Every structure is written in C-alpha cells, then in structure tokens.
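First the structure, in the form of structure tokens, and then the observations on it.
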Amino acid sequence: MYGLGIWRGLQVTLTHFVNTYLDDIKWGFRRHIHPDAFAERQSLAARGVFTVEYPDEKLAVPERFRFIPFLVVENYDHPDRPGYDWCTSCGICAKVCPPQCIWIVRGKHPDTGRPKPEPEAFFIDIDICMNCGYCAEFCPFDAIKMDHDYELASYDRTSAHIYDKQKLSKELRYWQSIAPTYAEQEADARGGWEHKDVLKQRDKAAKAAQAEVTDKTD
Ligand code: SF4
Ligand code: SF4
C-alpha cells in the first residue's frame with residue numbers, strides 16, 4: 001500500500017520516543033547514573049534513545065574489539081620465568097604490518113654475540129598503526145595481541161606516541177581478562193595455558209627425571 005513504509009518508519013520513531021520516557025520512569029529518572037541501568041542500556045534489552053555521557057560513562061567494548069597491539073609476557077608471578085617475553089623477535093609482525101610501524105631489535109648473547117630469540121627493543125608508532133590486527137593474526141607465538149585501551153590521547157605527539165617494549169608489555173592474565181574466549185581457544189590449540197617453550201622444558205625435565213630413575217633401577 002502506498003505510504004505504508006513511511007507509516008512504519010514513523011511508528012518505529014514513535015516507539016523509541018515513548019520508550020525513552022518509560023525507561024526514565026522505570027529507573028526513577030536516574031538511568032544516567034544507575035549502574036544497573038547502564039548495563040541494561042548496553043544489552044539487547046535496551047529501550048528508547050539515550051546519550052552516552054563520555055567520559056563519565058564508557059561503553060563496554062566487545063572481545064573482538066581491537067586497538068593498539070600489546071606484547072604478551074609471562075605473569076609477573078610465574079614460577080619459572082616471570083615477566084618473560086613470549087615474543088621471539090622473529091620479525092613476522094613487522095613484515096606484515098601494512099603501514100610499517102613496528103620496529104624490532106633482536107637480542108644477542110652477550111658473550112658470543114649470536115642472536116637469541118627475544119627482542120632487545122620493540123617499538124610501535126601508535127600514530128601510524130591503523131589497528132588492522134595483522135600483527136596479532138600472523139604472530140606464530142601468540143605473542144602480540146590487540147588491546148582494548150583506546151584512551152591514548154596526549155599533548156606530546158612525538159615521543160609519547162612511540163610505544164617501547166616496556167609500555168607495550170602486558171601480562172598473560174591481562175589478555176585472559178579482556179578476551180577470555182579467544183585466550184582459551186589459543187590455549188587449547190597450544191595444549192595448555194603455558195607458552196610452548198615452558199611446555200617443552202617441562203616435558204624435557206620429566207623425561208630426564210624418568211631416565212635417571214630407570215638408570216638407577218637397572
Ligand atoms: S610479536 Fe610475534 S610475530 Fe612479532 S616478532 Fe614477536 S614473535 Fe614474531
Ligand atoms: S595493528 Fe596493523 S598497523 Fe597496527 S601494528 Fe599491527 S599490523 Fe601494524
């Protein structure tokens with residue numbers, strides 16, 4: 001029927017308009033400050049129209065949200081290697097990064113000068129990073145992840161926006177807290193929560209202990 005679409009559109013607008021006031025009444029005209037109201041407004045149960053009063057109110061971001069990457073390190077209370085980098089400085093992330101904003105310096109053994117699989121320095125220019133997530137996607141060691149922190153503005157556009165290794169490093173438990181589903185999927189694929197190297201070392205130690213016991217009994 002001619003004009004039916006216009007009528008339906010007006011109906012939707014009117015429903016939102018009325019629901020806004022009904023929602024206000026439901027929360028006793030405190031829906032802008034009531035914590036439960038804020039949670040409901042971010043769910044599918046949200047009704048009416050509203051303004052998010054940022055920065056006093058912040059919308060929760062979904063797990064798949066991605067902003068500037070961070071480097072995963074062992075938890076600082078890890079029994080074997082606290083704070084150890086998961087990054088092996090393989091350089092794949094720097095290679096695939098479309099705007100080339102990652103810069104890595106590979107570590108060296110102090111005695112031999114030979115390269116060792118950990119980064120001595122790691123920089124990301126966050127003004128150039130376009131949050132594409134390629135680095136996290138391609139990293140073979142689950143060592144770089146996309147962060148949820150989007151409040152990075154500062155008055156210094158030069159040094160403050162070049163993130164170094166210290167600023168980029170965050171514990172594994174941080175990744176588990178912001179993206180529990182993805183972290184668990186990766187752990188399943190790896191064969192446990194630990195880094196592959198730790199699992200290998202433990203396996204090696206168990207085999208050595210077993211061999212020692214066998215030698216003694218022979
Ligand atoms: S973050 Fe991953 S891809 Fe990048 S250098 Fe480290 S191990 Fe390689
Ligand atoms: S998110 Fe994309 S642009 Fe940013 S550092 Fe990773 S690969 Fe580069």
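The values are calculated or read from the model by the stated rules, or taken from the named source; none is laboratory data. None of the values given here were measured: they were computed from a predicted structure. FYI the Cβ positions are ideal-geometry reconstructions off the backbone, even for glycines, and counts take in every protein chain you see. Ligands, DNA and RNA are excluded from the accessible area calculation, which covers all protein heavy atoms including side chains. Shrake-Rupley method; radii C 1.70, N 1.55, O 1.52, S 1.80 Å.
Annotations
- Condition met for I92 (β-branched (V, I, T), within 23 Å of S159 (Cβ to Cβ) and within 15 Å of ligand 2 (Cβ to nearest atom)): no
- Filter result for D149 (free of Cβ contacts under 8 Å to residues at least 12 places away in the same chain, open to solvent by 30 Å² or more (accessible area, probe 1.4 Å), at negative phi and charged (D, E, K, R)): no
- Test: residue in the range 76-96 that is away from ligand 1 (no atom under 14 Å from the Cβ), at pLDDT 95 or above and in contact with a Leu (Cβ under 6 Å, 6 or more places away or on another chain): no
- For the range 65-108, filtered to residues that are of a type in the set (S, T, Y) and farther than 13 Å from H195 by Cβ, the residue that is surrounded by the fewest Cβ atoms within 10 Å (Cβ to Cβ) is Y76.
- Taking the range 117-195 as the region of interest, the helices (runs of 4 or more DSSP H) fully inside it that hold 3 or more residues being more than 19 Å from D85 (Cα to Cα) and more than 16 Å from ligand 1 (Cβ to nearest atom) are 180-190.
- Condition check for K165: closer than 28 Å to E57 by Cβ, among the charged types (D, E, K, R) and crowded, with 17+ Cβ neighbours inside 10 Å: no
- Flag: Y134 matches the condition of being under 19 Å from Q100 (Cα atoms) and over 12 Å from the mean Cα position of the chain (by Cα).
- Pairs, first without any contact (Cβ under 8 Å) to a residue 12 or more places away in the chain in the range 196-218, second surrounded by 10 or more Cβ atoms within 10 Å (Cβ to Cβ), C-beta under 7 Å, six or more apart: L199/G192
- With respect to (1) more than 30 Å from Q185 (Cβ to Cβ); (2) modelled with pLDDT under 90; (3) open to solvent by 80 Å² or more (accessible area, probe 1.4 Å), the lone exception for L59 is condition (1).
- Residue in the range 24-45 that is closer than 30 Å to C139 by Cβ, within 25 Å of the chain's Cα centre (by Cα) and open to solvent by 80 Å² or more (accessible area, probe 1.4 Å) present: no
- Pairing residues of the range 123-136 that are aliphatic (A, V, I, L, M) with residues that are within 6 Å of ligand 2 (Cβ to nearest atom) and open to solvent by less than 40 Å² (accessible area, probe 1.4 Å), at Cβ distances under 8 Å and at least 6 apart in sequence or on separate chains, gives I124/P69; I124/C101; I124/I102; I126/C101; I128/C101; A136/P69.
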